[in-house]
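Comments concern the structure below.
Where a number appears in this text, it was derived from the coordinates with a stated rule and is not lab data. Nothing here was measured: the structure is a model prediction, and the numbers come from that model. Neighbour counts run over all protein chains shown; Cβ positions are idealised from the backbone, glycine included.
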Amino acid sequence: MSATYAWADHRLFRWDGEPVLYGVDDVSLFHLDREAAEVLARWRPAEPLVLDQTPPQDRPVLEAFRRARLLVPARARRPRPRPPAGTPLSTLVLEVAQDCNLACRYCYADGGTYHGAPRLLPPAVARRAARYLVDRSGSHGEVTLVLFGGEPLLNLPAVRAAVDEAETAARAAGKRVRFSLTTNGTLVTEEVCEFLHRHRVSVSVSLDGPPEVHDANRPTRGGSGSYRAARRGLALLLGSPRAPVAARVTLPPAQWDRIPEVFDHLIGLGVHEVGIAPASPVTRDLLPTAEQEEALFAGFSGLANRFLAAVGKGEVLPFSNLLDLLARIHLGASRSAPCGAGLGYLAVDTEGRFFLCHRLVGEEPFRVGDLDSGPRPEAIRGCLEALAAPREEPCSRCWARALCRGGCHYENHLRETVLGLPFGGTCGFVRRWIELGIRVYARLCASGHEELLGRIGARARC
Amino acid sequence: MSDKKAVLKALNEKARAIETLAEGEEESARALQEGPPGMPAGCTTVFDTGWETNPRPTYPVGNCQASARDFHGCAGDCWWPAQVPDGLTNHPDVDKQCPNVARDWRKLQYD
């Protein structure tokens, strides 16, 4: 038997001269010793290779590559995984209020309304949706209900109704329900806080950093800044939290060079974690220049270096973006889709209609059913395939495909369909960011922090 | 796996899972009776009394393990009614009378 083998798609990284090999489709990471690196360099150009006919001195190393699935039977190229359909629900996002008291300049939801007149989710619909989540969660022992908007605290009756119904249904079904709420923080009162704490709701507060940065992005409808009100709300939330309070930052390109001070300011306010998102280009003036994109990467990479330095001192820098990336690298889960949208994750709007995800609410092509008749699996599959089709070929040539799988559906829809931009505008940044994550991961392994990586990896399991 | 050189070190969980998978794939086939714990529990693939024999030093000596287990299930705690001595109440000494069913069955003398 002389089976022929070919190299599986892989990428070689070096960190301080140490070679780390990344299996592109498996999301596997291996450190190579000197001999392995030499053998790889010698045999990489040779394809296909017949293992039995290789020189005996190289064969043990080549065999090790074969066992690591880095040398695979020739012509055994694996097809792109297809997302399943009809998966049980694990997360439901409720558009509690398609209305907002702020008028953020970068809002993708048209002032929180997702287009059309401002409207609130009726409490009865909130109850139906919450119950639907629990009833359709199959064998999941735990489900997540996300209270979203617009500004969800504009509609406290629906928030209370959803939480109450989800808890009642979950108790009856022997399941656990987690709640999370994203708010601009300006309407948080002691009464709201008491409710959120009692039900252990994880809260994300949209905060963009120091007052001048925040207020430039997040004015009230009247045009004044919202920093003071948001900070007042945050202080209440941090008073006696029973669940983490995270700051969710959105920055337009002009502010990307201020990432370090934004991060430090928010940590200084006492939040437990900070996640930073570049604003979606809802208008063309939010498209970055090359220099701005460089500033974004410099900001993230600076935080990654601070993360490494902090680990050396036994601390964890709570930078959500990096923690999430490290968690995914740790598990090495190869994705069949960029996110869970349509695959156990759906959004419900104020009329009780299902959309593929919270960001695509109000976009007719992504409406996939309603509470009366349930989500339509064929509509979900159709949406996912239509979104994946244009990127299938370019992604098949990209080494980051298994960790990225094409990026945010909404962002792609916005860029390619609404703005008519060519495919791939964010790919360069995504690849640099994932490569940075792999380097940080390898560095942490080399310095004996496997236990920490295990704890970080637990984030990606839930 | 000590004969293999550890030239690659798995760093993340996926890499470790692949290594474990490779170890499992490379184990050669083993005969069922090849030392403990090779003895299968429950049903066997081949019924050939005297080959996969009851490993316990109790009666019925010489029967295949599956039949031995059945025998105990029926005779001891009686969870399955069958034509075996009722060792719980009426024939408590059946194991002494009849250690080897194939040889000693005539001694059974039960109704």
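Values for this structure:
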{"item": "Lys/Arg +1, Asp/Glu -1 at C-beta; segment A:304-462 dipole; positive extreme among A:Gly362, A:Gly454, A:Asn305", "result": "A:Asn305"}
{"item": "Per-residue average of Cβ from other chains inside 10 Å of A:30-41", "result": "3"}
{"item": "Angle between chain A longest axis and helix A:377-396 axis [Cα atoms, degrees, rounded to 10]", "result": "40"}
{"item": "For segment A:346-462: rounded, prolate or oblate by the Cα gyration tensor [a/c cutoff 1.5]", "result": "oblate"}
{"item": "Residue exposure sequence - A:Ser204, A:Ser373, A:Ser224 - by fewest surrounding Cβ within 10 Å", "result": "A:Ser373, A:Ser224, A:Ser204"}
{"item": "Residue (of A:Thr182, A:Leu89, A:Pro60) at the positive-pole extreme of the protein assembly as shown, dipole from beta-carbon charges", "result": "A:Thr182"}
{"item": "Shielding by other protein chains, A:65-72, mean Cβ within 10 Å", "result": "4"}
{"item": "Per-residue Cβ neighbour rank within 10 angstrom, fewest leading, A:Val430, A:Val262", "result": "A:Val430, A:Val262"}
{"item": "Tilt relative to chain A, helix A:156-173 - C-alpha long axis, 0 to 90 degrees, to 10", "result": "60"}
{"item": "Net charge dipole size for the protein assembly as shown [Lys, Arg +1 and Asp, Glu -1 on Cβ; Debye, nearest 20]", "result": "380"}
{"item": "Long-range HN-HN contacts of A:Val368 with modeled amide H, under 5 Å", "result": "A:Phe354, A:Phe355, A:Leu356"}
{"item": "Prolate/oblate/rounded label for segment A:4-73 (Cα gyration tensor, a/c 1.5)", "result": "oblate"}
{"item": "Cα-based helix-to-principal-axis angle, A:290-312 vs chain A, degrees rounded to 10", "result": "80"}
{"item": "Cα gyration tensor category, rounded, prolate or oblate, for chain A with a/c compared to 1.5", "result": "prolate"}
{"item": "Which of A:Val440, A:Val316, A:Val282 has the fewest Cβ neighbours within 10 Å, and the rest in rising order", "result": "A:Val316, A:Val282, A:Val440"}
